[in-house]
1. Inspect the stretch 188-206 for any residue being of a type in the set (Asp, Glu) and in contact (Cβ under 8 Å) with a residue 60 or more places away in the chain and give the result as yes or no.
2. Which number in (1) modelled with pLDDT under 95; (2) farther than 24 Å from Leu159 by Cα marks the one condition that Pro266 misses?
3. Kindly indicate whether any position in the stretch 227-237 is farther than 19 Å from Glu168 by Cα and touching a residue at least 60 places away in the same chain (Cβ under 8 Å).
4. For the stretch 139-149, indicate whether the set of residues that are within 30 Å of Gly227 (Cα to Cα) and modelled with pLDDT of 60 or more is non-empty.
5. Check off (1) crowded, with 16+ Cβ neighbours inside 10 Å; (2) without any contact (Cβ under 8 Å) to a residue 24 or more places away in the chain for Leu223 and give me the number that stays unchecked.
6. For Glu239, are the conditions met, namely being crowded, with 17+ Cβ neighbours inside 10 Å, of a type in the set (D, E, K, R) and more than 20 Å from Ala165 (Cβ to Cβ)?
7. Out of all the residues in the stretch 252-266, which are out of contact with any Lys or Arg (no Cβ under 9 Å at 6 or more places or on another chain), buried (at least 18 other Cβ atoms within 10 Å of the Cβ) and over 20 Å from Tyr232 (Cα atoms)?
8. Out of the residues in the stretch 197-213 that are of a type in the set (A, V, I, L, M, F, W, C) and under 19 Å from Gly160 (Cβ atoms), which is surrounded by the most Cβ atoms within 10 Å (Cβ to Cβ)?
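The values are calculated or read from the model by the stated rules, or taken from the named source; none is laboratory data. No experiment lies behind these values; they were computed from the predicted model shown. Cβ placement follows ideal geometry from the backbone for every residue including glycine, while neighbour counts extend to all protein chains displayed.
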Amino acid sequence: MNQSPRPEKSGIIRCKYCRTSAPARLQVCPTCGANLEAAPFASFKAGLAIALIVVVFAALAAIIPPLQRQSRQVALWLNPPTKTPTPTITFTPTLMPTATPTHTPSPASTATPSPTATPTHTPTPTETPTPAPTQPNAPTATPSPTATPTPPFGSITLLGPEDSARFEKDRELKLSWEPVGQLADDEWYAVRLNWLQDGVRAYGGTNTKDTFWIIPPEQYYGLADLGTGRVYEWTVFVEKVTTDDTGSTSGAPLSPPTEVRIFFWP
């Protein structure tokens, strides 16, 4: 709807119907469509509110100081201050020194006479017997050291093979040594082998009356660990073998063992 402006008016007014602000130069409220007229008492209400605020502050400024004084008087009346008593000066009497009593000497005691000494009988000296001469101790016999029995046989001399010899599987492996003399029925040449098998020390060998031993390959070949080069150690000594009632045998060495030699059997 077209509306002609009112140039004689300027500023902003509030519609008295919808309370919406609009330019005062308009004739119709753009919000509700009613004739634009200012809401009554708007400026009056604002002025009245300001006046009331000023009156309230003035009244408080006049009332608060008397109220504070009255509250202090009531507090003093309810809880009056306690008077501090004046200290009383007490005089302490001075003690006079006490006179020291004079010491009275005690009468001297009468000396007691000493008893008369009784003569003591002197005994007649007794003849001291002459001690009999002491017999010298007989010397203690020192036990003779026990002699270590000498083995009946001397050390055996090895003949072959040479130390660190190498043998193939199909080659005869013969160990030989020099004889040490006639052996009894229960005396033997003890040939002893040892090697590492799966990292554990293993032992073998035989007892023989001969001065040699051919190692059977079906019993010993390939037992030594490959990591050692298939190395075997061997030595020989004379041994006495006995058998008990249960059939168990035991051996006792009759000669010192020979040097230890090795051979490779890859």
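1. No, the stretch 188-206 contains no residue that is of a type in the set (Asp, Glu) and in contact (Cβ under 8 Å) with a residue 60 or more places away in the chain.
2. All conditions pass for Pro266, except number (2).
3. yes
4. no
5. Result: Leu223 fails condition (2) only.
6. When the stated conditions are applied, Glu239 passes them.
7. Scanning the stretch 252-266 gives a single hit, Ser255.
8. In this case the residue turns out to be Trp213.
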